[in-house]
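> Provided herewith is a single structure, encoded as structure tokens, for subsequent inquiry.
The values are calculated or read from the model by the stated rules, or taken from the named source; none is laboratory data. Just so it is clear, the model here is predicted, and its values are computed rather than measured. We place every Cβ from the backbone using ideal geometry, glycine too, and count neighbours over all the protein chains shown.
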Amino acid sequence: MRLFIVILCMTLSLFASDLTLEIVKDVGNLPKIAIEVSPESIEGKIGQKFFKLLLGDLKVTSHFDTISSSIEYAKILDPIDYAKYKDVAYLLRYKLFYDDFGDLEAKAVVYDIKTSEPLFQKLYRLRDKKRYPFIAHKIVYDLNEALHFPDVAFLKSFVIFAKYIAPKRSDIVLSDYTLTYQKTIVHGGLNIFPKWADKEQRSFYYTDMQGRPTLYRVDIYKGVRTKILSGDGMLVCSDVSADGSRLLLTMAPDDQPDIYEYNLHTHTLRRVTRYPGIDVNGNYIEDGSRVVFVSDRLGNPTIFAKRIDSDAVERIVYHGKNNSALNSFDHYIVYSSRESDNAFGPNTFNLYLTSTTSDYIRRLTANGVNIFPRFSSDGETVLFIKEFQRQTALGVIRLKYNKSYLFPLYTGKIQSIDW
Amino acid sequence: MINKKNLWFGLFVAAFLITGCAKKSVEIEAPQGHAPTQEQASEVNEGSGIKSVGEMSEESMTQEEKLRQMKMIESQAKKIYFDFDKYNIRPDQMPRVEYDAQLFNKPEAKPFGIKVEGNCDEWGTDEYNYALGLKRAKSVRDALEAKGVDPKRMSIISYGESNPVCTEHTKECWAKNRRVEFELIP
């Protein structure tokens, strides 16, 4: 019997670590949290958005059950209304204000309602008020840390994306993960396919399409652009190796889009795929010795994998009429797939999660056009863009929690995005 | 008498005293003499110190001016249209390819290079759409070469879905965007 229980526990833990398996039932309740805003807090657009960002961040962590839906006021040191928050575990109170020097400050205190003791309190300050979303993200990140819940560093990550501003013109924009804060980094001409160059998010690669397609690396803190290489027809940085020394590129030196690997130390280029159709979107998988990519070698775009140093190609996905975009993390692959024969019908592109180490496929979305899936740096969260009934939204899927969140987007047409 | 070694050492010390240590540049968001606060404020550094890469729009405008003189021939060229998710030239588009080949082989067009531009509709995502546009451009380039246009004059590029001629969300509109068009280059 004891042996059976041990085996059962081991089996459960084995399955629990496989993200391709869908969690069908939540066990246990999430701790409830309420938010109260100081009446001395700044109002207007920033005040409203700040509250919504906090609320959204708390939900996206999947660690809290947020009971507040509209702003309720209380000063930070006011007594807690225990009758009102009978079943609530935590109370977050904050005050957002400008100090005497015009800097934006936020004072945040989190109370444990049972003990009425402050669990956490902190003062945040920044000079550029446009960056206020990062205060909201940092408050929730710090609160989550203070309660020793699983890491939510993705809240503080940057997102970099290219957006079309006119025909043959697109800018590269840096933003927070909700795309609320936006700063244009590259402007003028057609600038596409931004891709983070390092885990620290200090620099990124992108393709400048003025004249010959040219791949550049931009250091965002120095504002310095370095040319990596240029090529005819098409040149895209699809992925960067874990140590940042190798790039997977889609290039077409003979007018034929194939996947190449570029070594930044030796400045050498190695051809990874050789196929007279379309091979694109190479992503490193497992230890970086294999790549997964999109190819039309079976007539429709679908997903294949191969070792970099071998010619043998393995099909990864066996369903869908058009599986034309993917992203990888370790042995996991998230991809968008059109299942219906009608290319222009509803339910057009859904996201799926699969793994090179198991046969499971997990459907992540249910309706609309779901595109640009991107893993967070820890692989536990997927960011994507959803178009549904003429509306565009930013989607966040928390894979371990089987939860999905949507935020309305007003950014125009996105060309490509990286997280 | 001061020997050479001592002289150099003396000069080095003097230079050091005059210039001093290089000041470390520390970016502090809160100015000195800030109003006292109860807690130590933690700086929010995400997004600070980020710089943009230079403005290039004026340069591209100048280029556009230079290219205006070739617009006459470009405006006469016929666009080649494609089926959804396909890059082979449809039989009904072949007469248009033949017309373009004759146009580009005219004496007034021969001094110019030809940029064959592949375009896609808004469907399809990421890199695949750009590759599809490139394959469409390659199909047309190969067909023009077969009709006698010098391959050395031609280069191909894909603009993916970035260059729509129609922005409505209709099948007719998408069909107009799945095309190859031409730009003459000096």
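> So which of A:149, A:134, A:154, A:193 is in contact with a Cys (Cβ under 8 Å, 6 or more places away or on another chain) and not charged (D, E, K, R)?
A:193
> Has the range A:31-39 got any residue that is modelled with pLDDT of 85 or more, polar (S, T, N, Q), in a helix (DSSP H, G or I) and closer than 25 Å to residue A:123 by Cβ?
no
> Given the conditions (1) in contact with a Pro (Cβ under 7 Å, 6 or more places away or on another chain); (2) surrounded by fewer than 18 Cβ atoms within 10 Å (Cβ to Cβ), report the number of the one that residue A:416 does not fulfil.
(2)
> Determine if the range A:291-307 includes at least one residue that is under 23 Å from residue B:175 (Cα atoms) and touching a Gly at 6+ places or on another chain (Cβ under 6 Å).
Scanning the range A:291-307, I find at least one residue that is under 23 Å from residue B:175 (Cα atoms) and touching a Gly at 6+ places or on another chain (Cβ under 6 Å), so the answer is yes.
> Continuing with the same structure: Filtering the range B:110-144 down to residues that are in contact with a strand residue (DSSP E or B) (Cβ under 7 Å, 6 or more places away or on another chain) and over 30 Å from residue B:169 (Cβ atoms), which residue is nearest to the other protein chains (Cβ to nearest Cβ)?
My answer is B:141.
> Within the range A:262-305, how many residues are assigned to a loop (DSSP other than H, G, I, E, B) and among the aromatic types (Phe, Trp, Tyr)?
As a first pass, look at the range A:262-305 and keep what is assigned to a loop (DSSP other than H, G, I, E, B): A:264-267, A:272-278, A:286-289, A:296-301.
If we keep only those that are among the aromatic types (Phe, Trp, Tyr) too, we end up with A:275.
Of the residues in that region, 1 qualify.
> Follow-up question, since we're still on this one. Can you name the condition, by its number, that residue A:348 falls short on among (1) modelled with pLDDT of 90 or more; (2) touching a Lys or Arg at 6+ places or on another chain (Cβ under 6 Å); (3) within 22 Å of residue B:122 (Cβ to Cβ)?
Going through (1) modelled with pLDDT of 90 or more; (2) touching a Lys or Arg at 6+ places or on another chain (Cβ under 6 Å); (3) within 22 Å of residue B:122 (Cβ to Cβ) one by one, residue A:348 breaks only (1).
> Tell me whether the range A:172-179 contains one or more residues that are of a type in the set (S, T, N, Q), free of Cβ contacts under 8 Å to residues at least 24 places away in the same chain and assigned by TED's automatic domain parsing to the domain that holds residue A:325.
yes
> Continuing with the same structure: Tell me the residue from A:134, A:149, A:120, A:154 that is more than 10 Å from every other protein chain (Cβ to nearest Cβ) and buried (at least 21 other Cβ atoms within 10 Å of the Cβ), please.
Testing whether each residue is more than 10 Å from every other protein chain (Cβ to nearest Cβ) and buried (at least 21 other Cβ atoms within 10 Å of the Cβ) leaves just A:154.
> Restrict the check to the range B:76-84 and report whether at least one residue is at pLDDT 95 or above, buried (at least 21 other Cβ atoms within 10 Å of the Cβ) and within 25 Å of residue A:302 (Cβ to Cβ).
The answer is yes, given that some residue of the range B:76-84 is at pLDDT 95 or above, buried (at least 21 other Cβ atoms within 10 Å of the Cβ) and within 25 Å of residue A:302 (Cβ to Cβ).
> With the condition kept exactly as written, say whether any residue in the range A:90-109 is in contact with a Leu (Cβ under 9 Å, 6 or more places away or on another chain), in a loop (DSSP other than H, G, I, E, B) and surrounded by 20 or more Cβ atoms within 10 Å (Cβ to Cβ).
Checking the range A:90-109: not a single residue is in contact with a Leu (Cβ under 9 Å, 6 or more places away or on another chain), in a loop (DSSP other than H, G, I, E, B) and surrounded by 20 or more Cβ atoms within 10 Å (Cβ to Cβ).
> Also: Collect the residues in the range A:276-317 that are small (Gly, Ala, Ser) and facing another protein chain (nearest Cβ under 10 Å), keeping them in residue-number order.
If the condition is that a residue be small (Gly, Ala, Ser) and facing another protein chain (nearest Cβ under 10 Å), then A:277, A:282, A:295, A:299 are the ones that fit.
> Mind checking whether some residue in the range A:290-309 is of a type in the set (Phe, Trp, Tyr), assigned by TED's automatic domain parsing to the domain that holds residue A:358 and under 14 Å from residue A:236 (Cβ atoms)?
Kept after step one, since they are of a type in the set (Phe, Trp, Tyr), are these residues of the range A:290-309: A:293, A:304.
Narrowing the set further to residues that are assigned by TED's automatic domain parsing to the domain that holds residue A:358 leaves A:293, A:304.
Those still in the list that are under 14 Å from residue A:236 (Cβ atoms) too: A:293.
Yes, the range A:290-309 has at least one match.
> If you don't mind, there's one more thing I want to ask. Look at residue B:131 and say whether it is over 19 Å from the mean Cα position of the chain (by Cα), assigned to a helix (DSSP H, G or I) and in contact (Cβ under 8 Å) with a residue 12 or more places away in the chain.
Here the answer is no, as residue B:131 does not meet what is asked.
> Right, next: Would you please name the residue that is nearest to residue A:374 (Cα to Cα), looking only at residues in the range A:173-194 that are of a type outside the set (Val, Ile, Thr) and away from every other protein chain (no Cβ under 11 Å)?
That would be A:194.
> Identify the residue in the range A:225-270 that is among the charged types (D, E, K, R) and within 20 Å of residue A:303 (Cβ to Cβ) and, among all such residues, is nearest to the other protein chains (Cβ to nearest Cβ).
The extreme case among them is A:258.
> Considering only the range A:372-413, state which residues are part of a loop (DSSP other than H, G, I, E, B) and touching a residue at least 24 places away in the same chain (Cβ under 8 Å). Give the derivation first.
If we filter the range A:372-413 for residues that are part of a loop (DSSP other than H, G, I, E, B), which is where we start, we get A:376-380, A:389-390, A:402, A:409-413.
Within the range A:372-413, A:376, A:377, A:378, A:379, A:380, A:402, A:409, A:411, A:412, A:413 meet the criteria.
> While we're looking at this one, here's another question. What are the residues in the range A:288-312 that are farther than 19 Å from residue A:337 by Cβ and out of contact with any Ser or Thr (no Cβ under 8 Å at 6 or more places or on another chain), if any? If you could, list the steps in order and put the result at the bottom.
Within the range A:288-312, the first condition is being farther than 19 Å from residue A:337 by Cβ, and the residues that meet it are A:288-291, A:306-312.
Answer for the range A:288-312, where residues must be farther than 19 Å from residue A:337 by Cβ and out of contact with any Ser or Thr (no Cβ under 8 Å at 6 or more places or on another chain): A:289, A:291, A:310, A:311, A:312.
> Can you pull out every residue in the range A:353-378 that is within 14 Å of another protein chain (Cβ to nearest Cβ), closer than 21 Å to residue A:281 by Cα and either at pLDDT below 90 or touching a helix residue (DSSP H, G or I) at 6+ places or on another chain (Cβ under 6 Å) (or both)?
A:369
> Does any residue of the range A:320-339 turn out to be farther than 20 Å from residue A:372 by Cβ and more than 23 Å from the chain's Cα centre (by Cα)?
No, the conditions are met nowhere in the range A:320-339.
> Would you check if residue B:94 is assigned to a helix (DSSP H, G or I), at pLDDT 90 or above and away from chain A (no Cβ under 14 Å)?
It is true that residue B:94 is assigned to a helix (DSSP H, G or I), at pLDDT 90 or above and away from chain A (no Cβ under 14 Å).
> I'd like to check which strands (runs of 3 or more DSSP E) are fully inside the range A:181-261 and have at least 1 residues that are in contact with a helix residue (DSSP H, G or I) (Cβ under 6 Å, 6 or more places away or on another chain) and buried (at least 20 other Cβ atoms within 10 Å of the Cβ).
So the answer is A:235-240, A:246-251.
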